[in-house]
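Worksheet: one structure, shown below.
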Amino acid sequence: MAAVRAASERCYAYFGRLLDERAVRAEPDRPATGGSTASPGSSGTEPGDDLIGWLMAAEVEGERLTRENILDISYLLILAGLDTFASSLACMIARLARLPELRRRLVAEPDLFAGAVEELLRFESPVQTGFRTATTDVEIAGEVIAAGTTFFLCWSSANLDPAAFPDPLAIDVARRPNPHIAFGNGFHRCLGIHLARMELRTALDQLHRRIPDYALKPGHELVFSGKPRTVNGLPLVWA
């Protein structure tokens, strides 16, 4: 956790410096104070034709995003766009390294990778848990959760629910339908769901074109941890 905090501080510091540089570009006569974002367009040039520049120029109901808003959004995009993908890919490769028959089937029928991604997301569930707060009284399976109650959710458990998935402990890349909630559901459903699926399909396809036959290093014991869930060390061997 100390390493996570230190890495988070480095990310925020990086984006802070970036915002200061863009602010100076937008208002060259105004020194960067580090306290707020500049108002692009009033003088100088725009803060950049990219996502950071767009966030600096964006308005919500007539109000500019604060520096804190932009820093938080940028940091979240790093986590959501990098950590979850890398962790998911590691878990999927670790699983396929232990399932040679399934791996050979995917190599022979690469069109199955799309279904494999969905099924492995269901089975591995990279983001396993979270919290929600009830805004109104709600009844679930006979239990009443009072408004204002913060409660624990376990998406990985839902993805293995036999009421929703026949034979949930079996990995079936042809499973249809596959209503997993590895990307969450409802109001907080992952915004990057389509990009994540494309990245995972592409990564698995290209990896197996180059290295179709691999296995875990003999004697290595896999250890999983973290949020998102990932494998701590994944030594592979191949011919």
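Since every read-out is calculated from the coordinates, none of them should be taken as a lab result. Because the structure is predicted, anything quoted here is derived from the model rather than measured. Backbone-built Cβ (ideal geometry, glycine too); neighbour counts: all protein chains shown.
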query = How large is log10 I(q)/I(0) at q = 0.16 Å⁻¹ when the Debye formula is applied to the Cα atoms of region 170-239, each weighted equally and without solvent?
reply = -0.91
Positive dipole terminus of region 71-237, leading residue within Thr129, Ala97, Ala80 (C-beta point charges) = Ala97
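Could you grab the relative contact order for region 192-239? Cα pairs under 8 Å, six or more apart, rounded to a whole percent.
Values: 30 pairs, mean separation 16.4, N = 48.
Relative contact order here is 34 percent.
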remark   = Residues whose built amide H sits under 5 Å from the amide H of Asp172, excluding neighbours closer than 5 in sequence, are none
Whole-Å distance, taken between Cα centres, linking region 62-126 and region 164-239 = 7 Å
query = Can you list the residues, at least 5 places off or on another chain, whose amide H is less than 5 Å from the amide H of Thr230, using H built in the peptide plane?
reply = Ser225
query = PRE reach from Ile140 (point 7 Å along Cα→Cβ): which of region 149-178 fall under 11 Å by backbone N?
reply = 150-155, 158
ask   = How do 200-206, 159-165 rank on mean C-beta neighbours within 10 Å, highest first?
value = 200-206, 159-165
request  = Divide by every residue of the chain the summed helix terms, -39500 (n - 2.57) for each DSSP H run of at least 4, and state the resulting mean residue ellipticity at 222 nm, rounded to the nearest 500 deg cm²/dmol.
outcome  = -13500 deg cm²/dmol
key: Whole-Hz couplings from phi, Karplus 6.51/-1.76/1.60, listed for region 186-196; x for Gly and Pro   = x, 4, 9, 4, 3, 6, x, 4, 6, 5, 4
Phi-based couplings in Hz for region 119-134 (Karplus 6.51, -1.76, 1.60; Gly and Pro marked x) = 5, 6, 4, 5, 6, 8, 6, x, 9, 8, 9, x, 10, 9, 10, 5
message = Given contacts defined as C-alpha pairs under 8 Å and at least six residues apart, what's the relative contact order of region 71-237, whole-number percent?
response = 31 percent
With Cα atoms, 0 to 90° folded angle of helix 67-78 axis to the chain main axis = 20 degrees
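In debye to the nearest 20, how big a dipole does the chain give about its Cα centre with +1 on each Lys and Arg Cβ and -1 on each Asp and Glu Cβ? Provide the component values of the computation, followed by the final result.
On the way: 25 positive and 30 negative charges, 178 e Å.
With only Lys, Arg, Asp and Glu charged at Cβ, the dipole is about 860 debye.
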remark   = With T = 20 °C, eta = 1.002 mPa s and Kirkwood Rh from C-alpha pairs, the Stokes-Einstein D of the chain in µm²/s is about 102 µm²/s
inquiry  = How large is the Kirkwood hydrodynamic radius of region 71-111, counting all unique pairs of alpha carbons, in Å?
reply    = 12.0 Å
request  = Give the angle, between 0 and 90 degrees and rounded to the nearest 10, that separates the Cα long axis of helix 84-97 from the longest principal axis of the Cα atoms of the chain.
outcome  = 20 degrees
inquiry  = From the phi angles alone, apply the Karplus equation (6.51, -1.76, 1.60; θ = phi - 60°) to region 2-9 and give each ³J(HN,Hα) in whole Hz, x where the residue is Gly or Pro.
reply    = 5, 5, 4, 4, 5, 5, 4, 5
